[in-house]
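This report refers to the structure that appears directly beneath it.
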């Protein structure tokens, strides 16, 4: 059975003290609650070690929002997958549309990041998705297929079994627009079909595919009720426990 996952991506928000408080408040809110999903928080790099030390990471997984495409060396300002793993973090978000758009991350770069993440025992949450112009041109399937194939299809079936996919229609991130429940299911089913064609039905069926793109308390249940939507990668709504908990409880 594939896992249901609700992952928060804090992006570049919260100073260290605010991040620690948010993580502890979320942990407190989960006490006594029976949740039917894994809960993950994606923090800025400087938060990783103190947050992982401050909470029970068997109850809330900790994710980095990125890692370097090199193992180590003279790369000023970069943070390696090994460094991320040393903090107690278990996940790393890779290929987010903001990294692709603002920092020029290509499929070739992401391929290296994925390999290094896996080599260091991290679970990549690998983001794919189309921009508005591509959706309007009905090229979303072509774009997403290409992103998956070019960055991930060098992996063995065993390696791919350690990947989480997050589909994020870029036109719905931070815009207040959300893909309809039907659009989300259609793309998630398409992605699962792409995986099945490469790795077989078993691997495809066991891969968690999350939806990211203005998911909130009001629409989470409808999105998560789809058979191929296994949770969410949540941006702004993960920055407050009062907004994040209803999404977790949507399962």
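Being over 16 Å from residue 233 (Cα atoms) and either in contact with a strand residue (DSSP E or B) (Cβ under 9 Å, 6 or more places away or on another chain) or in a helix (DSSP H, G or I) (or both) is the filter here, so list the residues in the range 121-134 that pass it. Within the range 121-134, 122, 132, 133, 134 meet the criteria. Filtering 138, 154 for residues that are exposed (fewer than 13 other Cβ atoms within 10 Å of the Cβ), closer than 27 Å to residue 85 by Cα and more than 18 Å from the chain's Cα centre (by Cα) leaves a single hit, 154.
Against the list (1) touching a helix residue (DSSP H, G or I) at 6+ places or on another chain (Cβ under 7 Å); (2) under 24 Å from residue 130 (Cα atoms); (3) in a strand (DSSP E or B), the condition residue 93 fails is (1). Of the candidates 12, 83, the single residue that is surrounded by fewer than 20 Cβ atoms within 10 Å (Cβ to Cβ), in a loop (DSSP other than H, G, I, E, B) and at negative phi is 12. Could you tell me whether any residue of the range 187-194 is more than 14 Å from the chain's Cα centre (by Cα), modelled with pLDDT of 95 or more, in a helix (DSSP H, G or I) and within 30 Å of residue 71 (Cβ to Cβ)? Yes, that holds for at least one residue. When the criteria are applied in full, residue 23 meets the requirement of being surrounded by 15 or more Cβ atoms within 10 Å (Cβ to Cβ) and either assigned to a helix (DSSP H, G or I) or touching a strand residue (DSSP E or B) at 6+ places or on another chain (Cβ under 9 Å) (or both). Considering only residues in the range 91-119 that are free of Cβ contacts under 8 Å to residues at least 40 places away in the same chain and under 15 Å from residue 62 (Cα atoms), the one that is surrounded by the most Cβ atoms within 10 Å (Cβ to Cβ) turns out to be 94.
For residue 30, the stated conditions do not hold, so it cannot be described as buried (at least 20 other Cβ atoms within 10 Å of the Cβ) and either within 17 Å of the chain's Cα centre (by Cα) or under 21 Å from residue 10 (Cα atoms) (or both). Looking only at residues of the range 26-65 that are in contact with a helix residue (DSSP H, G or I) (Cβ under 6 Å, 6 or more places away or on another chain) and in a loop (DSSP other than H, G, I, E, B), we find that the one that is farthest from residue 212 (Cα to Cα) is 55. Selection within the range 163-186: residues that are touching a helix residue (DSSP H, G or I) at 6+ places or on another chain (Cβ under 8 Å) and under 22 Å from residue 63 (Cα atoms). The member of this set that is modelled with the lowest pLDDT is 174.
The values are calculated or read from the model by the stated rules, or taken from the named source; none is laboratory data. Computed from a prediction, not measured in an experiment: that's the story for all the values here. Backbone-built Cβ (ideal geometry, glycine too); neighbour counts: all protein chains shown.
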